[in-house]
Amino acid sequence: DAFDGDFIVGSIEDCFFFYSGNDGIDISGSVVKVKNLKIIDAGDKGISVGEKSKLTGENIYLENCEIGIACKDSSHTQLENVKISKSHLGLTVYQKKSEYSGGKFSINNFEIIDTKVPYLRENLSEILINNNLIPVADDKVKELLYGKEFGKKSEWRMAFREKIPDR
């Protein structure tokens, strides 16, 4: 991960993360505010929010991420002015660990382009886009992630990586 914060309170502002081998930003058990972020070519998730974290923020641009933003395990994410481009999966909310419930995601002023699957929402989780609830896509989102259909080792990512020049 480019930035990994476990059980922290703080902010991440005016940052550019690129070519991370895994997640751009990964927080667990944390309260974080983000502002003016650009994350390009995250090997897995652009932003991963888990284990009862709370993420708020604005002005976020994600490009060429396997998964744009994932919110899971009783976490809450509230964002304004977000653009996701050229990614495999835009937003996902789900339960990964049995000791938690699903995630909750609210976003206003959202643009998503050239992304194979815009949203993936599981039961007991919530995605609100401009106060409109996105319907449940699958009962077991976790089983589609982590290198199966979506994630760092998905077939889509492996085919895409072959086209990226050496860095």
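The values are calculated or read from the model by the stated rules, or taken from the named source; none is laboratory data. This one's a predicted model, so the numbers in the text were calculated from it and none came from an experiment. When we count neighbours, we look across all protein chains shown, and the Cβ atoms used for this are built from the backbone with ideal geometry, even at glycine. Heads up: the accessible areas ignore ligands, DNA and RNA and are worked out on the full protein's heavy atoms, side chains in. Shrake-Rupley method; radii C 1.70, N 1.55, O 1.52, S 1.80 Å.
Numbers below:
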| quantity | calculated |
| --- | --- |
| Burial ranking of peptide ranges 65-77, 19-31, 110-122 (average Cβ count within 10 Å, highest at the top) | 65-77, 19-31, 110-122 |
| Sulfur and carbon atoms: percent of accessible area, the chain [1.4 Å] | 47 percent |
| Residue-normalised accessible area of the chain, given per residue in Å² at a 1.4 Å probe | 49 Å² |
| Distant-in-sequence amide H partners of residue 26 (H built 1.01 Å from N, under 5 Å) | 3, 4, 5, 48 |
| Integer Hz, Karplus 6.51/-1.76/1.60 couplings in order for region 48-64, x for Gly and Pro | 10, 10, x, 6, 6, 7, 10, 10, 10, x, 7, 6, 10, 10, 10, 9, 6 |
| Distance histogram in 10 Å bins (all Cα pairs of region 53-115, percent per bin) | 24, 50, 24, 2 |
| Local net charge near residue 130, Cβ-Cβ under 15 Å (Lys/Arg +1, Asp/Glu -1) | -3 |
| Alpha carbon convex hull of region 13-73, projected area averaged over orientations, nm² | 3.4 nm² |
| Dipole in debye (nearest 20) - the chain, about Cα centre, beta carbon charges: Lys, Arg +1; Asp, Glu -1 | 140 debye |
| Listed candidates [x] 51; [y] 44; [z] 70 - label of the one calculated as percent of Cα pairs over 20 Å apart | [y] |
| When each of 45/86; 72/116; 52/83; 54/140; 52/86 is checked by Cα-Cα distance, pairs over 18 Å | 72/116; 52/83; 54/140; 52/86 |
